[in-house]
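Structure first, then comments.
Read the figures in this text as sums done on the coordinates, not as results from a lab. Please read these numbers as outputs of a predicted model, since none were measured by experiment. In this analysis, Cβ positions are derived from the backbone assuming ideal geometry, glycine residues included, and neighbour counts consider all displayed protein chains.
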């Protein structure tokens, strides 16, 4: 347990489904992130939230929709995904702009069928 | 364009051997971090280096930041099976967002 909890750990969804990924941290961090990790690709930053405000949307398709209701919780809402969206989705949090490192959750392994 | 290149991409060695992996860029960093990621888990921070030429040790792991702060290396002495994992370097690019390298997948053979 790292202090950042992601649920579910595994998710299989059809292309017409709607699902949500959840991330929770009680480390007192003020920034939270969604990353996508695909095979043979570097970690790709998707979204950044600072003090609940979205400060970065890294050209992510609209079928991914983030939500940050408070500084401890982060969601990623998924709808009409494609098979190429299958990946490990990682949530991370940090303080102080990340100078002391990011704390990652264990990720959600998503398979789109 | 990949900002952080790691080499080698894959490395398999016998338990007890020594190894070095590298992280290189054409950019200068204010700091650089190393993470290890085990299968089915998220990356875990190992170390942060800040000063050019800095060397940090974490048990059998030695981390070095290049003098020009453009590159870094990770040396493991007497590798153990528990060292198996994906090693990632990361550095802040623009607005302090962390960008991750391509990773080195290390396998230690018993």
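For the reader, a short list of remarks on this structure follows.
- Across q = 0.20, 0.22, 0.23 Å⁻¹, chain A modelled as identical point scatterers on its alpha-carbon atoms has Debye log10 I(q)/I(0) values of -1.05, -1.26, -1.37, in the order of the q list.
- Amide N proximity, segment B:52-79 versus residue B:14 label position 7 Å along Cα-to-Cβ, cut-off under 14 Å: B:78-79
- Intensity falloff of the protein assembly as shown expressed as log10 I(q)/I(0), Debye formula with alpha-carbon point scatterers, at q = 0.10 Å⁻¹: -0.45
- Relative contact order (%) - chain B, alpha-carbon pairs under 8 angstrom, separation at least six: 37 percent
- FRET efficiency, residue B:78 to residue B:5 (Cβ-Cβ, R0 22 Å, nearest 0.05): 0.25
- Hydrodynamic radius (Kirkwood) for segment B:40-110, which is based on Cα pairs only, to one decimal in Å: 13.4 Å
- For segment B:12-81: span of alpha carbons on each principal axis (Å, largest first): 34, 26, 21
- Contact order normalised by residue count of chain A, Cα under 8 Å, 6+ apart, percent: 37 percent
- Subtracting the Cα-Cα distance of residue A:12 and residue A:52 from their residue separation scaled by 0.36 nm leaves 11.6 nm.
- Separation between Cα centres of segment A:3-59 and segment B:49-110, rounded to whole Å: 24 Å
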